[in-house]
Amino acid sequence: MNADTSILPTIIALVMAVAINGYLLLGGADFGGGVWDLLASGPRRARQRALIADSIGPVWEVNHVWLILVVVLLFSCFPSVFAIISVELHIPLTLMLIGVVLRGSAFTFRTYDAHHDDVQRRWGLVFSISSVLTPALLGICVGAIASGAVARASHLEGVSFAARFIAPWANPFVLTLGVLTLALCAFLAAVYLTYEAGEDVQLQDDFRRRAFGAAGVVFVAAFGALALSGTYAPNVRRTMGTFDVSFLLHLATGAFVVFAILALMRRSYRVARVFAAAHVSCFVWGWAFSTYPWILPPDVTFVAAAAPDAVLELILVALALGALVLAPSLVWLFRVFKRQPAAFDDLHEETTGEFHAPNPP
Amino acid sequence: MSDLLAARSQMAMSLAFHIIFAMVGIGMPVLMVLAEWRYTRTGDPLLLDLAKRWAKGTAILFAVGAVSGTVLSFELGLLWPGFMHFAGAIIGMPFSLEGFAFFTEAIFLSIYLYGWERVSRRAHLVAGVLVAVSGALSGVFVVIANAWMNAPRGFRVVDGLPVDIDPIAAMLNPAFGPQALHMTLAAYAGTGFAVAGIHAWFVLKQPKNRFHRHALSLALRMAVPAALLQPLSGDISAKLVARTQPAKLAAMEGHFTTQSRAPLHIGGWPDEATRTTRFAISIPGGLSFLAFGDFDAEVQGLDRIPEEDWPPVAIVHVAFQVMVGLGVFLAAISLWAAWLRWRRADFVHHPWLLRALVAAIPAGFIATEAGWIVTEVGRQPWIIQGVLRTRDAVTPMPGLIVPFLFFTALYVFLGVMVLYLLMRQMRHAPKLTSPGSG
């Protein structure tokens, strides 16, 4: 174990928060897209779904890797905590994995399977239902950890199966956090889609309405969780009351969602997109700062659970080198795709022809 | 079924499923880049079409590989929290590097798959090369972590937990080079022969179809060298196992009695009760020579090892025979194809080679599965050789048969779907007969 003075566990914790933030902004929006695929309705139902598929298409596998980064950092740098979380949250984590598998493969199968409506609809249904379950379960896992229930369960001996493996996550507070996470993803996706709809005003209006709806659910779930925290997560409740960095971040979270809604009302979709992303990011960082220094509240700190400094140093070197490779690659990827959305049909054409000239930048 | 057995079965099933897609993720990018590179050289649009079709197949398989790989990274903790608690800090390094390699692979595969008309020709080819390189690297990093389980280095144990952790020494364990080489070659050979066999089948049916003839010839360029090098790499691996894991070697060979001039058992069935391997062809001194390069060397048998530390001998021995047998089969086909190519013969006039190639479609994959059974079952009862027992690493969570059965059903379903989609795609291959009719 480290001397209490080591700064490295904190740096790793910051990197993990960045990765979680990245996952929510990119992967979370893909999940949210799946929610709107499930809830597609009205006369423009097919167009809504096509836009969602286009916006997820090229990059879903890339967005997904942020989650793997979090997991790998957790087990490399805080192995005992990874072990505890994996044992106590076995059931929701397993359910989440099933969601990850079904969502990823259904999306791909839908892209490559026959383009009959019924086949497409079947895969679409698998894709969208697992898009709803996966982020909700992710929120449930994080909520169970934040509430202190995971740490408490790891000390239990000789209790019933339900008391140890179900009760820590199946309570109203934690389940509300699942709904909150899902609503955040849906809100983010709806705002992104207003922007990605481009010139199509009807589609923009569809997703604008959906963004308002999702923001309403976020609002209800956030204050619901706050109300429930007194009973189910007193440690969370305590941190909400103190005036510190996390408190400021919570305020910013609220401010940004208001700005995002105002921008949506004015139909400034590009601005709304930035505010929505800021809103979700402040949510993540507010949670991160109120949790710190605990990795497993209320009794395990990042420093106490960290692997030796020699290990963390090497991991940080690897992260730095990896970032050197990844940053330009990611920039290239997003420049190539996000500039001209809706060319998903590249994949479907049965062409044997020449390359087309590359599009001018 | 005990919880330990259920956990081991779920892990085995998850690995067995994922490894196919991992192999394809390493091998297919090489093929699509090869086809695209040939296209830039010759300008034959048929080659571009081939690159695009191979890329589509890669996309389906890569997605399933990505999600099944995510499952594995969680299962390490969900099933083996004791192992991760002990080893997470030691082998986190190769997993972190694997994460980056996979990230890079995913990024450039996205650019490759969706960027045909969005980036320049040269940039597109470069993206393909980067997919191939990062795909191979991510495989190597995962194998390094597994090699450490077979030859753990870079730590000391005090009170049941590791201290003085040196992640670099852990990565550079003696097994990493041989295992990484063996697995990478397996990926190229296995994928290459599967693709070659599929196109060989079409060549048999449509001998004039240029598309499939080109595809066959390109696939063999990857498969043949890999399959010819694989026996050499296997020899390196076997000599290493002889030094570091004598129990595994003894089980592989059904070798019960320590002796010099130890015989090599080909085939046969090891009987743990009578401590004999029956019905095998014995080559005197063969095992001594293969393990230590000396016909008179002494090879440790299972009699030197406490019976509680024996792996399941019959499973390991049979799996080893299957792997070696299929490896020899692929090497023989490779020699045949290489000889014909040297003679400038046209494969179309050699239907028996084409039939052998069709028969070899699953051979590389089955050999690889068998090889992983040798590695993993042969290390039992240890999860970390000589350090931590598998039974001490398993989760305390009861009822593990439920997730095992569920994931098995899920993966069977996914496997069937993938096969169906790939076959649907192949049926839509072009029927080109005259040159240049792109």
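Numerical summary
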read-out: Chain A, relative contact order [Cα under 8 Å, separation at least 6], %; value: 24
read-out: Residues whose placed amide H lies under 5 Å from that of B:Thr277, excluding near-sequence neighbours; value: B:Asp271
read-out: Accessible area in the full protein assembly, largest first, 1.4 Å probe, for A:His116, B:His317; value: A:His116, B:His317
read-out: Heavy-atom accessible surface that A and B bury in contact, both chains counted, 1.4 Å, Å² to 100; value: 7100
read-out: Ordering of B:279-289, B:169-179 by packing [mean C-beta count within 10 Å, highest first]; value: B:169-179, B:279-289
read-out: Solvent-free Debye scattering, log10 I(q)/I(0), computed from the Cα coordinates of the protein assembly as shown at q = 0.06, 0.11 Å⁻¹; value: -0.40, -1.30
read-out: A:Phe223 accessible area, assembled protein chains, probe 1.4 Å, Å²; value: 120
read-out: Calculated FRET efficiency for the pair B:Ala359/B:Ala16, C-beta based, R₀ 22 Å, to 0.05; value: 0.50
read-out: Efficiency of FRET from Cβ geometry, B:Arg243 and B:Phe295, R₀ 22 Å, rounded to 0.05; value: 0.80
read-out: Most to least packed among B:350-357, B:268-275, A:22-29, B:103-110 [average Cβ atoms within 10 Å]; value: B:103-110, A:22-29, B:350-357, B:268-275
read-out: Shielding of B:391-403 by partner chains, average beta-carbon count, 10 Å; value: 3
read-out: Mean-position separation - Cα centroids, region B:147-174 and region B:248-315, in angstrom; value: 29
read-out: Sequence-distant aspartates and glutamates (8 or more away, or on other chains) whose Cα lies within less than 17 Å of B:Lys52; value: A:Asp113, A:Asp345, A:Asp346, A:Glu349, A:Glu350, A:Glu354, B:Glu36, B:Asp44, B:Glu117
read-out: Cβ neighbours within 10 Å from other chains - mean over A:212-218; value: 0
read-out: Tensor-based shape of region A:195-287 (alpha-carbon gyration tensor, a/c under 1.5 rounded, otherwise prolate or oblate); value: prolate
read-out: Within straight-line cross-link reach of B:Lys208, aspartates and glutamates at Cα separation under 14 Å, skipping those fewer than 8 residues along the same chain; value: B:Asp346
read-out: Carbon + sulfur, % of accessible area of the protein assembly as shown - ligands and nucleic acids excluded, 1.4 Å; value: 68
read-out: Net lengthening on full extension, A:Gln202/A:Val271 (0.36 nm per residue, minus Cα-Cα); value: 22.9 nm
read-out: Chain B: most fluctuating residue of B:Glu36, B:Glu75, B:Glu308 per GNM, C-alpha cutoff 10 Å; value: B:Glu308
read-out: 10 Å Cβ neighbours from other chains, averaged over peptide B:57-67; value: 5
read-out: 14 Å Cα-Cα reach of B:Lys239 towards aspartates and glutamates, excluding residues that sit fewer than 8 places from it in its own chain; value: B:Glu253, B:Asp294, B:Glu298
read-out: Alpha-carbon centroid distance for the pair region B:44-66 / region A:157-174, whole angstrom; value: 47
read-out: For peptides B:121-127, A:9-15, A:40-46, sequence by mean Cβ density within 10 Å, most packed first; value: A:9-15, B:121-127, A:40-46
read-out: Probe 1.4 Å, accessible area per residue of the protein assembly as shown, Å²; value: 39
read-out: Radius 15 Å from Cβ of B:Arg8, net charge of other residues (Lys, Arg +1; Asp, Glu -1); value: -1
read-out: Percent breakdown of C-alpha pair distances by 10 Å bin, ordered from the shortest bin, for region A:8-339; value: 6, 25, 34, 25, 10, 1, 0
read-out: Net charge, B:Leu137 excluded, C-beta distance under 11 Å - Lys, Arg +1, Asp, Glu -1; value: -2
read-out: Probe 1.4 Å, all protein chains present, accessible-area order of B:Tyr39, B:Tyr420, A:Tyr195, largest first; value: B:Tyr420, A:Tyr195, B:Tyr39
read-out: Nonlocal amide H pairs with A:Ile295, under 5 Å, H built at 1.01 Å; value: A:Val300, A:Thr301, A:Phe302
read-out: For region B:191-396, alpha-carbon Rg relative to the globular expectation (2.2 N^0.38 Å, N residues); value: 1.22
read-out: Mean-position separation - Cα centroids, region A:279-327 and region B:113-135, in angstrom; value: 33
read-out: B:Val129-B:Asp164 FRET efficiency (beta carbon distance; Förster radius 51 Å; 0.05 resolution); value: 0.80
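The values are calculated or read from the model by the stated rules, or taken from the named source; none is laboratory data. None of these values were measured; they are calculated from a predicted model. Every residue, glycine among them, receives a Cβ derived from its backbone with ideal geometry; neighbour counts consider all protein chains shown. Areas reflect the complete protein model, heavy atoms only, side chains present, ligands, DNA and RNA absent. Shrake-Rupley method; radii C 1.70, N 1.55, O 1.52, S 1.80 Å.
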